[in-house]
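What follows is one structure encoded as structure tokens, with my remarks underneath.
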Amino acid sequence: RNMSGVAGHQVYVTRDDMPECGVDLLKKECDVKLWNHSSPIPRAELLKAVAGVNGIYCSLNDKIDQELLEAAGPGLKVVATISVGHDHIDVAECRKRGVKIGYTPDVLTDATAELTLALLLATSRRLPEAIHEARTGGWVSWAPTWMTGPGLAGATVGIVGFGRIGQGVARRVKAFNTARILYYNRSRRPEEQETGAVKVSFDELLAQSDFVICCAALVPETKEIFNKSAFEKMKKTAIFVNTSRGGTVDQPALIEALKTNTIRAAGLDVTTPEPLPLDSPLFKLKNCVILPHIGSAAIEARNIMSNLTAQNILAALKGEPMPAELK
Ligand code: DGY
């Protein structure tokens, strides 16, 4: 064993394309094995690969449940995910076994809030449709009512889930001269001074908002909160944006709401399932913009996320405080 005491510890990395900086940090101090194929590791392979390891560097594609923890065995000390979301991890089961959990809060807040704004504008101002028209001859002349959509200035924006990312979205939309920012959060949050965002009930937020943005973590209480009744409570002109998890939405109900113009449009960075099958009705709807879960995909953010994931593992293996432990 070297000075740090982690030499000989085994860490399994579930993908071959994790940003190198983090994987290199691990390699300097412990034995690293990784799934070195470009496609995601199949479940059966993952169960075999983690046998006897001390740490797992995973992503939101990997379900960390009782079966997996069992397969890893009692030597497992830490699971670190390169994500802030942890709905893929059975936290209670990890706790029971004394397995620490690392995640990546804060470092992706700006990237995800930025992408939320990008998706909001792409949806409201119909960018994918407009780009398609420009390239395929639909652009006959400048036309006064063609390709129009609602602006943000003067609008009411409702943010569901007012944690780090929700607040980051609020600060950004405020710069667009919105009239009001409303938010709904399950737990109490101190009144938001900086943006003047006002806490309201979920129903009130749905009824008042021109833009409804979901930034809430997926937990049992937020599962499919955006259901048929929620879409019916929204304005007919509302635009719905989701950059959290697909599971917060009853997707068939959203499809119906978009088809029947119960709401105007939706922008989704997250869906059920992921990837969204090519034959999904969502892909056929002009009033739906779909992104392939790229919220945190800023180069800087992904590098810092990878470093933090590695640092979480190294600290846990050394018995030191982890820089970002899920408590
Ligand atoms: C997360 O961190 O939870 C995102 O979904 C991926 O960055």
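The values are calculated or read from the model by the stated rules, or taken from the named source; none is laboratory data. Treat the numbers as computed from the prediction; the structure is a model and nothing was measured. Note that we place each Cβ from the backbone using ideal geometry, even for glycine, and neighbour counts take in every protein chain shown. Protein only, heavy atoms only, side chains kept; ligands, DNA and RNA dropped before computing areas. Shrake-Rupley method; radii C 1.70, N 1.55, O 1.52, S 1.80 Å.
Quick check on ARG171: is it farther than 24 Å from ALA230 by Cα, within 22 Å of the chain's Cα centre (by Cα) and open to solvent by 10 Å² or more (accessible area, probe 1.4 Å)?
Yes; evaluated as a whole, the condition is true for this residue.
The number of residues in the range 91-147 that are away from the ligand (no atom under 16 Å from the Cβ), under 25 Å from LYS318 (Cβ atoms) and assigned to a loop (DSSP other than H, G, I, E, B) comes to 3. Restricting attention to the range 223-251, the residues that are within 24 Å of ASP110 (Cβ to Cβ) and touching a strand residue (DSSP E or B) at 6+ places or on another chain (Cβ under 8 Å) total 8. Annotation note: of ILE294, ILE299, the sole residue that is within 16 Å of the ligand (Cβ to nearest atom), open to solvent by 20 Å² or more (accessible area, probe 1.4 Å) and under 15 Å from the mean Cα position of the chain (by Cα) is ILE294.
Mind checking which residues of the range 91-138 are over 30 Å from VAL53 (Cα atoms), without any contact (Cβ under 8 Å) to a residue 12 or more places away in the chain and either open to solvent by less than 80 Å² (accessible area, probe 1.4 Å) or not polar (S, T, N, Q) (or both)? Correct list: ALA118, ILE131, HIS132, ALA134, ARG135, GLY137, GLY138. Filtering the range 53-89 to residues that are more than 16 Å from the ligand (Cβ to nearest atom), of a type in the set (D, E, K, R) and in contact (Cβ under 8 Å) with a residue 24 or more places away in the chain leaves ASP65, LYS77. For the range 1-48, the tally of residues that are assigned to a helix (DSSP H, G or I) and either open to solvent by 30 Å² or more (accessible area, probe 1.4 Å) or of a type in the set (Asp, Glu) (or both) stands at 12. Say we look at the range 261-275 and pick out the residues that are open to solvent by 20 Å² or more (accessible area, probe 1.4 Å) and in contact with a strand residue (DSSP E or B) (Cβ under 9 Å, 6 or more places away or on another chain); which of these is nearest to ALA216 (Cα to Cα)? Out of the qualifying residues, it is THR272. On the basis of being modelled with pLDDT of 95 or more, more than 16 Å from the chain's Cα centre (by Cα), surrounded by fewer than 22 Cβ atoms within 10 Å (Cβ to Cβ) and not in a loop (DSSP other than H, G, I, E, B), does ALA315 make the cut? Considered against the rule, which asks whether it is modelled with pLDDT of 95 or more, more than 16 Å from the chain's Cα centre (by Cα), surrounded by fewer than 22 Cβ atoms within 10 Å (Cβ to Cβ) and not in a loop (DSSP other than H, G, I, E, B), ALA315 comes out as yes. Scanning the range 192-245 for residues that are out of contact with any Gly (no Cβ under 7 Å at 6 or more places or on another chain), within 25 Å of GLU114 (Cβ to Cβ) and charged (D, E, K, R) yields a total of 4.
Does ILE165 satisfy the condition of being of a type in the set (A, V, I, L, M), outside any strand (DSSP E or B) and modelled with pLDDT of 95 or more? Taking the combined requirement at face value, the residue satisfies it.
Checking the condition at pLDDT below 95 and either assigned by TED's automatic domain parsing to the domain that holds LEU206 or among the charged types (D, E, K, R) (or both), which residue from LYS228, LYS284, LYS327 passes? Lay out the reasoning, then the answer.
Details: LYS228 fails: at pLDDT below 95; LYS284 fails: at pLDDT below 95.
Result: LYS327 is the single residue among LYS228, LYS284, LYS327 that is at pLDDT below 95 and either assigned by TED's automatic domain parsing to the domain that holds LEU206 or among the charged types (D, E, K, R) (or both).
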